[in-house]
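Quick one: the structure is below, questions incoming.
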Amino acid sequence: MGPDGKNAMTEEQARAFADQQLSSAQTLATICLLSAPVSLVIGGIPLALVALVCGAVALSKVRSAIRALGGKDGISARLTQQLVIGLAIAAVSIVVNAVYLYMMMPAFMEYLQTGDITVLTERLGTAASDAASSSSASSSVWD
């Protein structure tokens, strides 16, 4: 027993615990780094939230591994850097998806009330044609 009355971990037990935590954190970091950009393509707030939660849990696992080791090593430092990037991408993805949902909600509600799906395609077509007309109005070399 340690001086505080608790069982102290040996060096070998601390290393095994840290390795297990870092391995689990690496899996969660992979999920975070893959699902955050995919949620931008698919347009899913739930997928972005999964990325955010996985990144947060992985970051806590890395921190517990650092405490068990008594300091940062190369693996934990790189994993922490990856997780910070993954969490930032997940947060941006949540914001972008929420803004898109806010912009499309009126058209979606109209579709639900009328049953006419062309409302959604017109809204998307109008946004695309507005973007095309604003870009074609510029003075280009190809005009």
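On the given criteria, is Val62 under 27 Å from Gln20 (Cβ atoms), in contact (Cβ under 8 Å) with a residue 24 or more places away in the chain and open to solvent by less than 80 Å² (accessible area, probe 1.4 Å)?
yes
Right, something else. For region 96-113, state whether one or more residues are open to solvent by less than 50 Å² (accessible area, probe 1.4 Å) and at pLDDT 85 or above.
Taking every residue of region 96-113 in turn, at least one turns out to be open to solvent by less than 50 Å² (accessible area, probe 1.4 Å) and at pLDDT 85 or above.
The values are calculated or read from the model by the stated rules, or taken from the named source; none is laboratory data. None of these values were measured; they are calculated from a predicted model. Using ideal geometry, Cβ is built from the backbone for each residue, glycine included, and neighbour counts are taken over all protein chains shown. Quick note on the areas: whole protein, heavy atoms, side chains included, nothing else; ligands and nucleic acids left out. Shrake-Rupley method; radii C 1.70, N 1.55, O 1.52, S 1.80 Å.
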